[in-house]
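The values are calculated or read from the model by the stated rules, or taken from the named source; none is laboratory data. The model shown is predicted, which means the values in this text are computed figures rather than measured ones. Here the Cβ positions follow ideal geometry from the backbone for every residue, glycine too, while neighbour counts run over all protein chains shown.
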Amino acid sequence: MTGLIRAEFLKLSSTRTAFGLFIAALAVSVLPAILVMSLVPRAALSDGGAAIAASGLTIVPLLAVVFGILGMTNEYRHGTITYTYLTTPRRGIVMIVKLVCYGVAGTLVMAATALLVVLAIALIAAVRDIPLPWLTTANASDLETIRNAAMFLLTTGMMTAFGVSLGALLRAQVPTIAGVMVWALAIEGIVAIIKPRIGMYLPFAAFQQLTMGDALNVGEASGLLALTRPEAFLVAIAYIAVFSVAAVFISMRRDVT
Amino acid sequence: MPVIEAEHLSKRFGKKVLAVDDVSFTIEEGTITGVLGPNGAGKTTTLRMILDLVRPTAGHVSILGSRYRDLHAPATRVGALLDSAGFHPGRTGRNALRVIATGARIPPERVGEVLDMVELTDAARRRVKGYSTGMKQRLALAAALLGDPEILILDEPANGLDPEGMRWLRAFLRAQASEGRTVLVASHVLVEVEQTVDDVLIMGRGKLLAQGPIARLTAGAAPVVRVRSPHAEKLEQLLLQKGAAVNRVETALAIRGPSSAEVGELANAGGIVLHELLTEQASLEDLFLQIAGTRRES
């Protein structure tokens with residue numbers, strides 16, 4: 001299995017797909033952070049306002065889903081799946097390794113991106129002399145900060161694996177990506193408005209609740225229903241488990257023609 | 001000793017398409033065997049069932065004594081070039097092979113060796129999207145050879161090759177056989193295969209129509225009378241009326257059924273001038289047309 005894992009990472013490093021994800025992640029997170037920290041008036045960025053500069057990071061997990069879809073659908077699109085299965089005819093193992101490797105790759109891209117965002121914000125804040133208590137103060141919330149960061153990374157890895165399983169199930173690259181975007185950005189939002197009690201259990205809502213945590217869980221009074229983090233974690237895991245098992249099962253039975 | 005054994009192999013896609021219909025055969029160790037037949041004959045599906053890429057609807061196939069998926073390190077025992085297998089266009093030729101070698105736990109030095117064998121070393125650092133069709137075909141051959149396998153399974157290896165590439169491929173296949181490998185090569189270009197293979201499996205419409213050494217099969221086939229005439233079309237009509245099987249290309253006729261004497265007498269009776277009249281041992285192509293024609297009539 002180590003050979004298969006190394007081959008999977010070699011696949012990632014020998015094309016521009018992973019690099020493309022990283023560039024896209026930088027474009028949606030670091031660039032806005034630099035612009036916000038450089039152009040927004042200093043007063044507006046004080047008292048924690050600078051945290052808004054990092055909000056682009058919330059888009060990265062969605063990019064990670066697309067990355068996962070590309071990782072799997074490219075195998076079918078370019079016919080490399082034939083060599084993959086000839087090398088390792090045990091298709092279940094192939095799928096499990098792919099899910100894990102892409103999960104790790106997505107997490108690493110998220111970690112690197114988040115680090116660059118924080119560095120960019122800290123650097124510009126130092127130059128403009130903007131106080132950043134959420135970044136510099138060592139207090140009891142540190143553990144919470146670490147937990148939030150870990151959850152963000154974990155969720156990104158899980159969403160990348162989710163993309164791999166979607167790619168394995170559907171195979172057609174463009175329709176899969178388009179369908180996921182429409183589902184995540186439109187359909188889930190509509191369901192959440194019309195049927196909030198159902199909407200909060202949908203996959204991307206669960207992923208979002210996992211990363212946003214208590215920030216979304218503001219109660220029924222506000223009209224915004226959300227799961228607690230442990231609940232969201234279970235829902236997200238359930239989605240990934242169901243889709244991954246389906247992807248493994250279907251990959252094992254499907255003819256490669 | 002048989003290295004590939006298929007028993008009553010069938011594959012149905014959906015309800016309507018019966019791609020392979022109750023095919024049984026054995027492939028002996030150290031032979032070059034051609035799987036011949038027109039497009040849609042079931043050749044590719046048969047090869048894919050051998051390699052566990054397609055699940056048989058019925059029957060069983062074993063390679064080296066077990067199912068492909070049960071072989072230990074299968075890429076070091078069986079090498080395959082398949083029509084739909086491809087390479088990521090953004091990957092270099094060398095990296096494409098490195099990915100396969102790494103997954104199969106084949107030493108990385110082997111990548112350079114097979115690139116040399118298929119004469120692609122100079123292009124190894126270029127991305128595959130810049131390769132010609134012939135270069136991609138050579139890269140696929142290199143992938144098949146990576147594990148130094150005992151068996152090579154090649155599906156239409158001459159696709160995209162120019163005449164020089166075809167000649168190179170023939171020499172390549174002979175070299176592989178001389179090293180004791182078993183080669184199974186599927187093709188719809190009969191002339192290309194005839195010069196290379198020992199045995200043939202002839203397939204048509206999913207069925208196995210004939211199997212055996214080329215020499216034995218062609219010896220058992222009816223000889224062919226070849227005629228050239230400026231009135232070939234008229235002679236063809238007369239022959240068809242007599243129940244002969246005729247294949248005409250412009251002024252040349254290949255006739256199965258009547259003897260050369262009977263053809264000559266028929267031409268004379270019809271006042272048809274002949275420029276050439278001879279009897280030949282049936283070629284592989286003649287044999288194939290004969291078998292396929294017989295099956296169609298029955």
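Restricted to the stretch B:2-26, and to residues that are away from chain A (no Cβ under 13 Å), out of contact with any Asp or Glu (no Cβ under 8 Å at 6 or more places or on another chain) and among the β-branched types (Val, Ile, Thr), which residue is surrounded by the fewest Cβ atoms within 10 Å (Cβ to Cβ)?
Taking the candidates together, the pick is B:Ile4.
So is A:Leu31 without any contact (Cβ under 8 Å) to a residue 60 or more places away in the chain, more than 14 Å from every other protein chain (Cβ to nearest Cβ) and touching a Gly at 6+ places or on another chain (Cβ under 8 Å) or not? Let's see the steps before the verdict.
Working: without any contact (Cβ under 8 Å) to a residue 60 or more places away in the chain: yes; more than 14 Å from every other protein chain (Cβ to nearest Cβ): yes; touching a Gly at 6+ places or on another chain (Cβ under 8 Å): yes.
The answer is yes for A:Leu31.
Looking only at the stretch B:174-230, count how many residues are of a type in the set (Val, Ile, Thr) and part of a loop (DSSP other than H, G, I, E, B). Working first, answer last.
Filtering the stretch B:174-230 for residues of a type in the set (Val, Ile, Thr) gives B:182-183, B:185, B:189, B:191, B:193, B:196-197, B:200, B:202, B:214, B:218, B:224-225, B:227.
Checking which are part of a loop (DSSP other than H, G, I, E, B) leaves us with B:189, B:196-197.
Of the residues in the stretch B:174-230, 3 are of a type in the set (Val, Ile, Thr) and part of a loop (DSSP other than H, G, I, E, B).
Only one of B:Glu156, B:Glu164 is under 22 Å from B:Thr196 (Cα atoms), of a type in the set (D, E, K, R), touching a residue at least 60 places away in the same chain (Cβ under 8 Å) and more than 9 Å from chain A (Cβ to nearest Cβ). Can you tell me which? Break it down stepwise before answering.
On the way: B:Glu164 fails: touching a residue at least 60 places away in the same chain (Cβ under 8 Å).
Testing whether each residue is under 22 Å from B:Thr196 (Cα atoms), of a type in the set (D, E, K, R), touching a residue at least 60 places away in the same chain (Cβ under 8 Å) and more than 9 Å from chain A (Cβ to nearest Cβ) leaves just B:Glu156.
Please work out which residue is farthest from the other protein chains (Cβ to nearest Cβ), limiting yourself to the stretch A:89-104 and to residues that are in contact with a Gly (Cβ under 8 Å, 6 or more places away or on another chain) and surrounded by 22 or more Cβ atoms within 10 Å (Cβ to Cβ). Before you say what the answer is, go through the steps one by one.
Step one: list which residues in the stretch A:89-104 are in contact with a Gly (Cβ under 8 Å, 6 or more places away or on another chain), which gives A:98, A:102-104.
Narrowing further to those that are surrounded by 22 or more Cβ atoms within 10 Å (Cβ to Cβ): A:98, A:102-103.
On the way: A:Lys98: 12, A:Tyr102: 15, A:Gly103: 19 Å.
Checking each candidate, the answer is A:Gly103.
Are there any helices (runs of 4 or more DSSP H) wholly within the stretch A:158-257 with 2 or more residues that are within 14 Å of chain B (Cβ to nearest Cβ) and modelled with pLDDT of 90 or more, and if so which?
Details: elements: A:173-182, A:188-194, A:196-199, A:203-212, A:229-253.
It comes to A:229-253.
Provide a single number: the residues in the stretch B:52-70 that are more than 10 Å from chain A (Cβ to nearest Cβ), crowded, with 16+ Cβ neighbours inside 10 Å and among the hydroxyl-bearing types (Ser, Thr, Tyr).
The qualifying residues number 1.
Which of (1) free of Cβ contacts under 8 Å to residues at least 24 places away in the same chain; (2) under 27 Å from A:Gly71 (Cβ atoms); (3) in contact with a Pro (Cβ under 9 Å, 6 or more places away or on another chain) does B:Gly79 not meet, given it meets every other one?
B:Gly79 satisfies every listed condition except (1).
Taking the stated definitions as given, is A:Ile81 facing chain B (nearest Cβ under 9 Å) and either more than 30 Å from B:Leu81 (Cβ to Cβ) or not hydroxyl-bearing (Ser, Thr, Tyr) (or both)?
Values: facing chain B (nearest Cβ under 9 Å): yes; either more than 30 Å from B:Leu81 (Cβ to Cβ) or not hydroxyl-bearing (Ser, Thr, Tyr) (or both): yes.
Answer is yes for this residue.
If you go through the stretch B:71-124, how many residues are farther than 21 Å from B:Val185 by Cβ, more than 8 Å from chain A (Cβ to nearest Cβ) and charged (D, E, K, R)?
Of the residues in the stretch B:71-124, 6 are farther than 21 Å from B:Val185 by Cβ, more than 8 Å from chain A (Cβ to nearest Cβ) and charged (D, E, K, R).
Check A:Leu62, A:Leu10 and return the single one that is within 14 Å of chain B (Cβ to nearest Cβ) and either assigned to a helix (DSSP H, G or I) or under 16 Å from A:Ile121 (Cβ atoms) (or both). Walk me through how you get there before you give the answer.
On the way: A:Leu62 fails: within 14 Å of chain B (Cβ to nearest Cβ).
It is A:Leu10.
Looking only at the stretch A:13-20, decide whether some residue is under 22 Å from A:Val118 (Cβ atoms) and either within 14 Å of chain B (Cβ to nearest Cβ) or not in a loop (DSSP other than H, G, I, E, B) (or both). Reasoning before the result, please.
Applying the first criterion (under 22 Å from A:Val118 (Cβ atoms)) to the stretch A:13-20 yields A:18-19.
Filter once more, so that each one left must be either within 14 Å of chain B (Cβ to nearest Cβ) or not in a loop (DSSP other than H, G, I, E, B) (or both): A:18-19.
The answer is yes, given that some residue of the stretch A:13-20 is under 22 Å from A:Val118 (Cβ atoms) and either within 14 Å of chain B (Cβ to nearest Cβ) or not in a loop (DSSP other than H, G, I, E, B) (or both).
Is there a residue in the stretch A:122-134 that is over 21 Å from A:Ser13 (Cβ atoms), away from every other protein chain (no Cβ under 14 Å), among the aromatic types (Phe, Trp, Tyr) and assigned to a helix (DSSP H, G or I)?
The answer is yes; a qualifying residue exists.
Identify the single condition in (1) under 19 Å from the mean Cα position of the chain (by Cα); (2) more than 14 Å from chain B (Cβ to nearest Cβ) that A:Val40 does not satisfy, given that it satisfies every other one.
Against the list (1) under 19 Å from the mean Cα position of the chain (by Cα); (2) more than 14 Å from chain B (Cβ to nearest Cβ), A:Val40 comes up short only on (1).
Working carefully through the options A:Gly56, A:Gly79, A:Gly92, find the one that is out of contact with any strand residue (DSSP E or B) (no Cβ under 7 Å at 6 or more places or on another chain) and on the phi > 0 side of the Ramachandran plot. Let's see the steps before the verdict.
Working: A:Gly56 fails: on the phi > 0 side of the Ramachandran plot; A:Gly92 fails: on the phi > 0 side of the Ramachandran plot.
Every option except A:Gly79 fails the conditions.
Among all residue pairs at least 6 apart or on different chains, which show Cβ distances below 6 Å where the first residue, located in the stretch A:49-70, is modelled with pLDDT under 90 and the second is crowded, with 17+ Cβ neighbours inside 10 Å and not in a helix (DSSP H, G or I)?
The qualifying pairs are A:Ala50/A:Leu132.
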